[in-house]
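Asker: Sharing a structure below in structure tokens format, with a few things to ask.
Derivation of every value follows stated rules applied to the coordinates shown; laboratory data play no part. No experiment lies behind these values; they were computed from the predicted model shown. Virtual Cβ from ideal backbone geometry, glycine too; neighbours counted across all protein chains shown.
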Amino acid sequence: MDREAALFEYLVRLGDDSLILSQQLSGWCGHAPTLEVDLSVANIALDLLGQATLLLDYAGEVEGKQRDADKLAFGRDALKFRNCLLVEQPNGDFAQTVARQFIFSTWQKLLYESLIQSSDSKLAGIAAKSLKEITYHADWAAEWVVRLGDGTDESRERMTNGLDWMWRFVGELFETDEIDSTLDKLGIAGTKESLRADFDAALKATLDAASLPLEPLPTPIFGGRIGHHSEHLGHILSEMQFLPRAYPGATW
Amino acid sequence: MITVLRDRIMKILADVPDPEIPVISIVDLGIVREVTEDPPTVFITPTYTGCPATQVIKSSVREALDSAALSHVEIKTSLSPPWTTDWISESGRKKLHDYGIAPPPTRDTAAQAAVTCPQCGSTDTQEISRFGSTPCKALWQCRSCSEPFDRFKCH
């Protein structure tokens, strides 16, 4: 696999992670439990959308087929999306959203910290820029895991259920395939396995603070990185892509 | 002659306001990273990756340059090094405070800096939410005068 092909795929994976999670979080806008939470979730969604734009624009540049972030976001069908399964999971109740965010931001923070060292200066620049924002997301989500986990019986039950929904999708975050090993050899992006120990430690620290037990994780489900998605992604895309598909080339 | 162009551009940019906090210019905010003369280019940097103001800023800069007959000056976005609130000028900090937004501390004073209420000047203040009305601000409240206020996040 050559450098450009691997880098394109990798950037699309990262870009799609941010894009799909941003779209999901936007569903809370105007519906969150409090005004402050509403603003927080909308801000996180906006940061993720900014990351997606940078990553997908760069992916289009690497590909060299005149596709920019908009074309990639609105012009691909579910099979061509490369996001992990975690980010397309439904919002559920607020605790389920927090669980998804906690796992994702904890992982994304470690990943982007490592990408700052990338031999590809543009990817390193995007990582450094995004990391400042991701740190806020990771703190916010961890604080809510503690608050709900260590709160009332009901909040604790909901937090536990939310995490139980998401645990199956943790393994995929650390999957290493040909794309990862190609970029690892070139010094562009290290394999994700190397982040696992730090991730497990961060997970344990927050769950301990929330007095939630950390059970062995269930058998992981894979597929997002090669386009094998859950039924949720099609519904997300039908909403997200409606306008550009109904009115191709529309501008305002 | 050559530095005259740079100075002229900087002077024009110093009058371009930030679209969300119009009392402060994009130069005061540290969004203008560099002005080069050969080729004539203005480098701007986004504050937050998803900040919707970035597009507006770009078109405001274009408009300002065009109306000064500087249509040949290009505008480029530079990401690295990432924008930090340390690039907000002293006069920018003062303008933020006068406008009712608590300015961010500089990185070396961040740990011990007390947050002063821009309304009554009390330092008896508390954070309500780390996310505020725009990506760059957090929501705070003064315990003395009870007024809520925005605080520019240290970033």
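Asker: Take the Cα atoms of chain A, build their convex hull, and give its volume per residue in Å³.
Answerer: That works out to 125 Å³ per residue.
Asker: Would you please classify the overall shape of region A:40-80 from the alpha carbon gyration tensor, given that a ≥ b ≥ c denote the square roots of the eigenvalues, rounded means a/c under 1.5, and beyond that prolate means a/b larger than b/c while oblate covers the rest?
Answerer: Oblate.
Asker: As a test, work out the antiparallel percent of DSSP beta bridges whose residues both lie in the protein assembly as shown, rounded to the nearest 5.
Answerer: 70 percent
Asker: For a distance above 22 Å, tell me the whole-number percent of Cα pairs in region A:1-125 that qualify.
Answerer: The answer is 37 percent, as a whole percent.
Asker: Here's another thing I want to ask about it. For B:T54, A:T191, B:T77, what ranking results if the residue with the fewest other Cβ atoms within 10 Å of its Cβ goes first?
Answerer: Sorted ascending by nearby Cβ count, the order is B:T77, A:T191, B:T54.
Asker: Given the pairs A:K71/B:K95; A:K71/B:K94; A:K132/A:K185; A:K71/A:K204, which span a C-alpha to C-alpha distance of over 32 angstrom in this model? List each step's numbers first, then the result.
Answerer: Details: A:K71/B:K95 41 Å; A:K71/B:K94 43 Å; A:K132/A:K185 27 Å; A:K71/A:K204 40 Å.
Flagged as over cut-off: A:K71/B:K95; A:K71/B:K94; A:K71/A:K204.
Asker: Nothing charged except the Cβ atoms of Lys and Arg (+1) and of Asp and Glu (-1): what's the magnitude of the dipole of chain A about its Cα centre? Round to the nearest 20 debye.
Answerer: I would put it at about 480 debye.
Asker: Now for a separate question. Which order do B:D86, A:D16 fall in if you start with the one that has the fewest other Cβ atoms within 10 Å?
Answerer: Arranged by neighbour count, lowest to highest, B:D86, A:D16 become B:D86, A:D16.
Asker: How big is the dipole moment of region A:87-142 about its Cα centre under a simple scheme where the beta carbon of each Lys and Arg is +1, that of each Asp and Glu is -1, and everything else is neutral? Debye, nearest 20, please.
Answerer: Details: 5 positive and 6 negative charges, 33 e Å.
For this selection, approximately 160 debye.
Asker: Work out the length of the dipole vector of region A:118-233 about its Cα centre, built from +1 on the beta-carbon of each Lys and Arg and -1 on the beta-carbon of each Asp and Glu, and round it to the nearest 20 debye.
Answerer: Details: 12 positive and 21 negative charges, 75 e Å.
Approximately 360 debye in magnitude.
Asker: For the residues A:F94, A:F102, what sequence is obtained by ranking on other C-beta atoms within 10 Å, fewest first?
Answerer: The fewest-first ordering by Cβ neighbours comes to A:F94, A:F102.
Asker: Out of all DSSP beta bridges with both ends in region B:1-112, state the antiparallel percent to the nearest 5.
Answerer: Numbers: 6 of 10 bridges.
Percentage antiparallel, nearest 5: 60.
Asker: With a cut-off of 8 Å between alpha carbons and a minimum separation of six or more residues, what is the relative contact order of region A:114-252 in percent?
Answerer: Normalised by residue count, the contact order of region A:114-252 is 26 percent.
Asker: Mean separation of Cα pairs under 8 Å and 6+ residues apart, divided by the residue count of chain A: what relative contact order is that in percent? Please report the intermediate quantities before stating the final value.
Answerer: Details: 367 pairs, mean separation 62.9, N = 252.
Reported as a whole number, the value is 25 percent.
Asker: How big is the C-alpha Rg of region B:56-140 next to the rule-of-thumb value 2.2 N^0.38 Å, as a ratio?
Answerer: Its radius of gyration relative to the 2.2 N^0.38 Å reference: 1.42.
Asker: If you don't mind, there's one more thing I want to ask. Quick one: length gained pulling B:T36 to B:D66 fully straight, 0.36 nm per residue minus the C-alpha distance?
Answerer: On the way: separation 30, 0.36 × 30 = 10.80 nm, distance 1.70 nm.
Difference between extended and current length: 9.1 nm.
Asker: Then there is this: Give the shape of region A:130-179 as rounded, prolate or oblate, defined through the alpha-carbon gyration tensor: a ≥ b ≥ c are the square roots of its eigenvalues, a/c under 1.5 means rounded, and otherwise the shape is prolate if a/b is larger than b/c and oblate if not.
Answerer: Taking the square roots of the gyration eigenvalues as a ≥ b ≥ c, region A:130-179 is oblate.
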